[in-house]
Structure formats: C-alpha cells, structure tokens
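Written below as structure tokens is the structure these notes are about.
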Amino acid sequence: MTVPVILVDADACPVKDEIYRVAWRHDVPVKIVSNSRLRVPDHPLVERVLVSDGFDAADDWIADAATPCSIVVTADILLADRALKAGATVLAPTGKPFTAASIGPAIATRAIMADLRSGMSDGIGGPPPFSKADRSRFLQALDAALVRLKRQA
C-alpha cells in the first residue's frame, strides 16, 4: 500500500498550519518545499525540503516528486499543470482544485492577465485577499482528497 504524501509549495503558502493539522489527523507525511529556511513543526511527519534559490527550483523539485499518490498544494498555475501531468491531486490554498478540465483555461487566463498587467501603468490588481471562507474550503478539500487517496491505496 502506498501512503499519500502532501507536497507544499511553501514560500507563500497561507495554509501551512492547516496542512499540518489535517496531515497529522490522517497520519500522512508532509514535505514543505521552499528556497528559504522556513519554520516547520518538529514532528516526524513533517519534512523541510530546502532547494536552491534558482528560478523555479522549488517547482522543479515538487514536479519531479509528484505522483498519483501526492497532493500538491500550490497557487502556481504552471506548477499545478506539471503536477497534474504527473497524476497528482492539486489544490490551491483557497481549496479550489486544479483538474485536467480546469488547468487549460487557468493557464490561458494567467497569460491574458500577464499581458494586461504589462500594458497598464497603474496595474490591475491581484487576486482578492485570502479569507476565512478560503481557509475553510481548503480544509474540506484537503481532507476529502486524503480520504479519496487512502481509499484508492
């Protein structure tokens, strides 16, 4: 039986504490991947993975480690695409799942927004602020994904 693992794109992840709580409840390992030293709990299920500060080094590590038994937590659409191609379950910190059906439109929207931002001197703003509802949605989505992966294993 293969144990699920949670891979976290950690540098800007607002739900690390929630990930730890859910992982401990399910007895599932977590790999916190970053290019800077982050504080992580001293717990046997939590591993800090420190990568070089090279461009996309954390994304490359996560994409290489992703398998069908992985849950990848990231807001990075291009990393989400790579993880999906490896068969992983992918969740945004807001709880929104990235799927094969949703990733194409997400990549297209990302490209359009990048073009719009580059053409405007004022900028057009970013995503809405992270909310309690986002946190709650994430907790539910992570728990459901772990239950599903454990049943499949």
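The values are calculated or read from the model by the stated rules, or taken from the named source; none is laboratory data. Keep in mind that this is a model prediction, so the values were computed, not measured. Note that we place each Cβ from the backbone using ideal geometry, even for glycine, and neighbour counts take in every protein chain shown.
A few notes on this one:
- Restricting Ile77, Ile6, Ile19, Ile32 to residues that are over 21 Å from Val147 (Cβ atoms), among the β-branched types (Val, Ile, Thr) and modelled with pLDDT of 95 or more narrows the list to Ile32.
- Members of the range 55-88 that are assigned to a loop (DSSP other than H, G, I, E, B) and farther than 23 Å from Arg37 by Cα: Thr67, Pro68, Cys69, Ala86, Gly87, Ala88
- Checked against the criterion of being under 22 Å from Ser136 (Cβ atoms) and either in contact with a strand residue (DSSP E or B) (Cβ under 6 Å, 6 or more places away or on another chain) or without any contact (Cβ under 8 Å) to a residue 60 or more places away in the chain (or both), the range 47-67 contains not a single residue that satisfies it.
- Hits in the range 139-153 - residues which are under 16 Å from Ser70 (Cα atoms), among the hydrophobic types (A, V, I, L, M, F, W, C) and assigned to a helix (DSSP H, G or I): Ala141, Leu142, Ala144, Ala145, Leu146, Val147, Leu149
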